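Below you'll find the structure, written out as structure tokens, and then a few comments.
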Amino acid sequence: MTQGIFHTTCPSCGGPVHSYSASAKTLVCPYCRSLLIRDGASVSDSGEDSTPFEDYSPLQIGTTGHDQGQAFTIVGRLQARYDAGIWNEWYLFYNDGSSGWLSESGDQYVLTRPATSSATLPNFADIRAGESRLTVDGNVYLAADVRDITLERASAEGELPYPFSGTRHNRVADYRCESHFLTLDYGEEPPEIFIGRGVALADLALANTRSDAQILDTAGALKGSRASGNCPHCGAPVDWLRGLTPTIICPSCGSDLESNSLIASAHTTGERQQKIAERHSLPLGAEADIDGNKYTLIGLVYKEEIGENSGWTEYLLYHPQQGFLWLVETDDGEWSVSHTLNDWPALKGNGAPRGMGKLYDYRSRVRHAAGAFYWHIKKGDELAHHDYDAGKREKLSAEQNAQELNWSRSIPTSRKQIERWFGLKLKETGGNDEQNSCLGCFYILFIIYLILNFPAWLAMNDDALVTSLVISGIIFTALYRIGKRADGGGTDE
Ligand SMILES: [Zn+2]
Ligand SMILES: [Zn+2]
């Protein structure tokens, strides 16, 4: 590849600056990091400078690759932090002069290219995740993720095709159709369309990536490596994985933390408490050997079913190559393994997967969460759930709110399997700390019964008293047995 088509010198430091694409509007000086705005043949210094704040990515300016046979070079990056996390948008310049984007969020990658369509595009305000449809090139897309966010402290590197500023209002809707991915970006009028797919870096034949040694050298650690600090609010120890999970919730006090505040407080000391995490069968930080891969349990969330006195715990596990995995434990002690689907099922007009029967519709609310998550989870978050029968005891589930729709596939597993994976014996009780104790109820009823009947027993003759006490004894023995069984045996297989 040549040294670009546009050459100039940095007005701030005099260093040589160039761009590859003719449409570059923002250039970041590789020497002094000044943010330069290009206008025709001239550039002006915006007065801002721009340094990506977190650099665990194997990608860099100058990384080359192949996308479906076409060579590209990474020439720019936007790094953004917002409410739900951090992501990199890598700007790709193809050998034929066209462009594309490789978005990197946690360890999920999506590659899109600018597209055109004669389809009538919706107003941003009318788009609803899981409801709004859009037909482009014969594919019927369903809205999957609708974001109206302000990016603060965004930073740039290399060149970008739009004028960049550190704060950027972003209105974007992502759509999916099986393995196809479509984004509408409402930053321009009319909105821009990008079409692509989820990708694995291994499929892009990358070269000139950063080695682990280089990443270690600049970031001091690798993405996904373990870090720990103390909660600035309660002092309890908190562990997290670098670069993957923007949200960390203190397992002791439930405070919403950023890894920056944790690093700042890493030297404060505190009593070791794990109040929230303690209520659950599996502890944060537990390691599981699943099919020869060592996963770490990094987050757990308890969801109550709205309108029912029950719920379930979801455990988030991470493996550096295999990515994320969920384990789900119901209050009844039933376990399943669940994967979020990158390729969606083929959907019918009513949103149901083709060829699958409906199982259940229900709603959930987050009661508490602890540890690290790849989105910003909050107590009180509500979701609608739709479960479908995928055969062989497997379930396909849609989780949906107004902004987001996700599909996952879950497979039942046994309590014994969970114990083997984690190499531990599970506690006897499930996750719901507020479960009624049947045995406790029994004792209360027993005492009330005695108090109510005592005056009657005093007034009875001997024969009537014996009969009454024998009948009471039989009833209470039966109730005690029922109470005890419901209390202790709930989580056995
Ligand atoms: Zn410079
Ligand atoms: Zn805390």
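Considering only the range 13-47, how many residues are hydroxyl-bearing (S, T, Y) and either within 16 Å of ligand 2 (Cβ to nearest atom) or touching a residue at least 60 places away in the same chain (Cβ under 8 Å) (or both)? Residues meeting the conditions: 6. Taking the listed residues E178, E192, E157, the one that is within 16 Å of ligand 1 (Cβ to nearest atom) and modelled with pLDDT of 85 or more is E157, with no other qualifying.
Of all residues in the range 317-340, which are among the acidic types (D, E) and in a loop (DSSP other than H, G, I, E, B)? If the condition is that a residue be among the acidic types (D, E) and in a loop (DSSP other than H, G, I, E, B), then D331, D332, E334 are the ones that fit.
Within the range 226-234, one or more residues are crowded, with 21+ Cβ neighbours inside 10 Å, under 30 Å from L59 (Cα atoms) and modelled with pLDDT of 75 or more. Scanning the range 357-377 for residues that are surrounded by 18 or more Cβ atoms within 10 Å (Cβ to Cβ) and either over 29 Å from G224 (Cα atoms) or touching a Pro at 6+ places or on another chain (Cβ under 9 Å) (or both) returns S364, A370, G371, A372, F373, Y374. Considering only residues of the range 207-220 that are surrounded by fewer than 17 Cβ atoms within 10 Å (Cβ to Cβ) and at negative phi, which is nearest to ligand 1 (Cβ to nearest atom)? If we take residues in the range 207-220 being surrounded by fewer than 17 Cβ atoms within 10 Å (Cβ to Cβ) and at negative phi, then T218 is nearest to ligand 1 (Cβ to nearest atom). Scanning the range 30-72 for residues that are in a loop (DSSP other than H, G, I, E, B) and among the acidic types (D, E) gives E54, D55. Of all residues in the range 321-343, those that are closer than 17 Å to L297 by Cα have Cβ atoms under 6 Å from Cβ atoms of residues that are charged (D, E, K, R) and assigned to a strand (DSSP E or B), 6 or more apart or on another chain, in W326/E314; V328/E314; W335/E329; H339/R409.
If I ask for residues that are touching a strand residue (DSSP E or B) at 6+ places or on another chain (Cβ under 6 Å) and either of a type in the set (A, V, I, L, M) or exposed (fewer than 14 other Cβ atoms within 10 Å of the Cβ) (or both), which ones from the range 402-418 would you list? Hits for the range 402-418 are L405, I411, I418.
Of all residues in the range 210-243, those being assigned to a loop (DSSP other than H, G, I, E, B), within 16 Å of ligand 2 (Cβ to nearest atom) and among the aliphatic types (A, V, I, L, M) number 1.
Of the residues G40, G14, the single one that is within 14 Å of P163 (Cβ to Cβ) and either more than 35 Å from the chain's Cα centre (by Cα) or among the polar types (S, T, N, Q) (or both) is G40. Only residues that are over 17 Å from V366 (Cα atoms) and modelled with pLDDT of 70 or more: list them for the range 242-261, please. Within the range 242-261, R242, G243, L244, T245, L257, E258 meet the criteria.
Evaluate the range 344-367: report whether one residue or more is in contact with a helix residue (DSSP H, G or I) (Cβ under 9 Å, 6 or more places away or on another chain) and touching a residue at least 40 places away in the same chain (Cβ under 8 Å). Checking the range 344-367: not a single residue is in contact with a helix residue (DSSP H, G or I) (Cβ under 9 Å, 6 or more places away or on another chain) and touching a residue at least 40 places away in the same chain (Cβ under 8 Å).
The values are calculated or read from the model by the stated rules, or taken from the named source; none is laboratory data. Note that the coordinates shown come from a computational prediction; the quantities given were computed from them, not determined experimentally. Neighbour counts run over all protein chains shown; Cβ positions are idealised from the backbone, glycine included.
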